[in-house]
Amino acid sequence: MSLHVLGLDPGFASIGYAVVELASMQPVQVGVIRTKKSDAKRNVRASEDNLERAKEIAEFIQGLLKQYDIKLVCAETMSYPRNSAAAAKMAMCWGVLAGISQQHGLPVAQATPQEVKKAVCQKRDASKEDVQKAVTKLFPSIGGLLDDTPRSMWEHPHDALAAVVACASSEVFLLARKMAGPCEASTK
């Protein structure tokens, strides 16, 4: 069985993910984990709704871990939104990711948004469109993997792949690549 890395663009309503085979550095599955607020008519507390959404995120990631032999998680670092409610939701998402990673003994490599942009676009102030173009150039197969993802959501899996590229020079990533065997292809 091939070894894989899981790239993540953390969020709460939309989390981009990319499963990348370590030896070939090619994506095998990409998409968006989407959670939605409960219908206001249901009279559900926001805190209860957030727990349900966190559970959905956890279940989806657990499913990926069962499907693939993932040895490493690469993610864009937690940003700190100006809105406290958004910051709390981002922290809940990161809590889920950290808990699952710890539970499965998976190291987590992180890159700041500026490091991600620099890794794929060679400039720290690249736009979302610049990142998407660069990732599509690095991974031409991504187009066929996005068939089930609405175009309006494409930035998230692109960012997840960009996080993998940005983390590729980290010590933990290089060790995981060594475990995967000889490289068939490279993104660099």
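The values are calculated or read from the model by the stated rules, or taken from the named source; none is laboratory data. Quick caveat: nothing in here was measured; it's all calculated off a predicted structure. All Cβ positions, glycine included, derive from the backbone under ideal geometry; neighbour counts span all protein chains shown.
Scanning region 162-188 for residues that are of a type in the set (Gly, Ala, Ser), under 19 Å from Phe139 (Cα atoms) and modelled with pLDDT under 75 gives Ala185, Ser186. A residue that is small (Gly, Ala, Ser), free of Cβ contacts under 8 Å to residues at least 40 places away in the same chain and buried (at least 16 other Cβ atoms within 10 Å of the Cβ) occurs nowhere in region 59-75.
For region 1-32, the candidate set comprises residues that are surrounded by fewer than 21 Cβ atoms within 10 Å (Cβ to Cβ) and in contact with an Asp or Glu (Cβ under 6 Å, 6 or more places away or on another chain); within that set, the residue that is modelled with the highest pLDDT is Val28. Considering (1) within 29 Å of Lys37 (Cβ to Cβ); (2) modelled with pLDDT under 95, the lone condition that Gly99 does not fulfil carries the number (2).
The number of residues in region 81-91 that are over 16 Å from Asp9 (Cα atoms) and either acidic (Asp, Glu) or not in a helix (DSSP H, G or I) (or both) comes to 2.
For region 109-141, filtering for residues that are in contact with a Leu (Cβ under 7 Å, 6 or more places away or on another chain) and under 15 Å from Leu8 (Cα atoms) leaves 2. Looking across Glu115, Glu171, one residue alone is closer than 14 Å to Cys74 by Cα and either among the polar types (S, T, N, Q) or without any contact (Cβ under 8 Å) to a residue 24 or more places away in the chain (or both). It is Glu171. Among the residues of region 33-55, are any assigned to a strand (DSSP E or B), in contact with a Gly (Cβ under 6 Å, 6 or more places away or on another chain) and at pLDDT 90 or above? No, region 33-55 contains no residue that is assigned to a strand (DSSP E or B), in contact with a Gly (Cβ under 6 Å, 6 or more places away or on another chain) and at pLDDT 90 or above. On the basis of being touching a residue at least 24 places away in the same chain (Cβ under 8 Å), over 24 Å from Leu175 (Cβ atoms) and of a type in the set (Ser, Thr, Tyr), does Ser47 make the cut? When the stated conditions are applied, Ser47 does not pass them.
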